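Before any comments, here is the structure.
The values are calculated or read from the model by the stated rules, or taken from the named source; none is laboratory data. All of these numbers come straight from a predicted model, not from anything done at the bench. FYI the Cβ positions are ideal-geometry reconstructions off the backbone, even for glycines, and counts take in every protein chain you see.
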Amino acid sequence: MIATEKFSFIGKNGQVLDGRLELPLYSRPIGAALFAHCFTCTKQSHAATRVAGALAAKGLAVLRFDFTGLGGSDGEFANAGFVSNVEDLVAAAQALDMRGLPPVLLIGHSLGGAAVIAATEHIPQARGVVTLNAPFDTDHVFEHFGDAVARIEADGEGDVMLAGRTFRISREFLEQGRGQPQADRIAGLGRALLVMHTPQDAFVGIDNARQIFQAARHPKSFIALDGADHLLTETGSAEYAADMIAAWAMPYLAKLPEAARQDFAGAVEVSTAGGKFAQWVRTAKHEFIADEPESYGGSDHGPTPYDLLLAALGTCTSMTIKMYADRKGIPLESVRVELEHSRDHHKDCIDCEESGVPIQVIDRAIELSGDLTAEQRIRLLEIADKCPVHKTLEGELHIHTSVIPAE
């Protein structure tokens, strides 16, 4: 369960950069990550959205944003370039840090992978770096410009066709991508490195992964994204990458400070979690979300209140039967209880004190497995009615409500 927030911040040159922050829906993130998209892609690329969403579902906050001049971000793409991308990443890391989410993990796809390597020395919070189908050299992208490079050099700018789209590229853009000391940066990274690459990558060959891996010092790891394409659009490939990243990153994630949890006097605490109906349900050692189904206006992120009521009776019933059977040496193997709640409006029901007044009904069906005699089955069903929750529900129950003073 994740939530997506609009996250805008200011770049080095005053431009507004547009991003999306993926968050675990009801809990504080265990760490934060920054995702750099591929060249000419945007924050909405398949890899960016799938990887960020999958990592958020595992408890990480992940920021994906548009580089200068792309997507929803201000600026001119033609005048941007590799150095500009690195500056955007540093600005994004600072914005996350100000939000209380220092980016301990940097993830870059394609040329974004080269950018996170270059940006790492300017992001002291980073503890791990991940490259996805990334080139070893930053000028690798120029191989796809063809004859346009010469025209751009001569005229100062020109159009290039990439993935069926036309982009205006300036001479400054070319200059920013040349002569970048990537080998030295990788060797001096000083962070854990995970290199992920598609062996079948037709745009950035697998040899780039070999060069990156060989240039890096330990700790370093390599995972082949076998069968995936360069943009990770194959079904499940981005999600697989996210699973591997999450597993690899856990030892390097510095846990964010957790909000102080207030002690509570009762055995159970229920508090607003967010959304229309969602509630945190906490005991001394456990916690989970309760919600309403979408048909009632909820988000269906957890059991409903009546689900919990039925579960209390069902679990207590099963536990009580099993405990009795064990004590008496009855060969009971397992218990399964089905429960359903309804409001009975029968006018002639024998339990109604007054005609037409509805009563609450719980139907409970019990399945007993094992080599049991008829007498043992009858006795175990009798024991079912003696479970503590059953007695509470059918007994004279009083609920006393008080107000907790405001602090």
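Taken over the stretch 377-403, the residue count meeting the criterion of being more than 15 Å from Met323 (Cβ to Cβ) and either touching a residue at least 40 places away in the same chain (Cβ under 8 Å) or of a type in the set (S, T, N, Q) (or both) is 4. Checking Thr166, Thr198 one by one, the residue that is of a type in the set (Val, Ile, Thr), more than 21 Å from Val86 (Cα to Cα), surrounded by fewer than 19 Cβ atoms within 10 Å (Cβ to Cβ) and in the same structural domain as Ala33 (by TED's automatic domain parsing) is Thr166 and no other.
Residues in the stretch 27-37 that are crowded, with 20+ Cβ neighbours inside 10 Å and either out of contact with any Ser or Thr (no Cβ under 8 Å at 6 or more places or on another chain) or of a type in the set (Gly, Ala, Ser) (or both): Pro29, Gly31, Ala32, Ala33, Leu34, Phe35, Ala36. A Cβ distance below 7 Å, combined with a sequence gap of six or more or placement on separate chains, defines the contacts here; from the stretch 68-85, residues that are closer than 9 Å to Gln176 by Cβ reach residues that are assigned to a loop (DSSP other than H, G, I, E, B) in the pairs Ala80/Phe67; Ala80/Thr68; Ala80/Gly69; Phe82/Gln180; Ser84/Thr68; Asn85/Phe67. Mind checking whether some residue in the stretch 203-213 is closer than 23 Å to Phe142 by Cα, part of a strand (DSSP E or B) and at pLDDT 95 or above? No.
Would the stretch 137-144 turn up any residue that is at pLDDT below 95, closer than 29 Å to Phe7 by Cβ and not in a helix (DSSP H, G or I)?
no
Residue selection: Leu17 fails the criterion of being over 20 Å from Ala273 (Cα atoms), without any contact (Cβ under 8 Å) to a residue 40 or more places away in the chain and buried (at least 18 other Cβ atoms within 10 Å of the Cβ). Please specify each residue of the stretch 203-231 satisfying the condition of being closer than 28 Å to Asp184 by Cα, under 23 Å from the mean Cα position of the chain (by Cα) and crowded, with 19+ Cβ neighbours inside 10 Å. Matches in the stretch 203-231: Leu225, His230, Leu231. Within the stretch 216-240, the residues that satisfy the criterion of being charged (D, E, K, R) and under 26 Å from Tyr252 (Cα atoms) are Arg217, Lys220, Asp226, Glu239. Within the stretch 145-162, the residues that satisfy the criterion of being assigned to a helix (DSSP H, G or I), closer than 17 Å to Gly177 by Cβ and without any contact (Cβ under 8 Å) to a residue 24 or more places away in the chain are Ala148, Ala150, Arg151, Ile152, Glu153. When Pro24, Pro103 are screened for being surrounded by 24 or more Cβ atoms within 10 Å (Cβ to Cβ) and either within 16 Å of the chain's Cα centre (by Cα) or assigned by TED's automatic domain parsing to the domain that holds Phe142 (or both), only Pro103 passes. Assess whether Ala242 counts as being within 26 Å of His144 (Cα to Cα) and at pLDDT 90 or above. So Ala242 fails the test.
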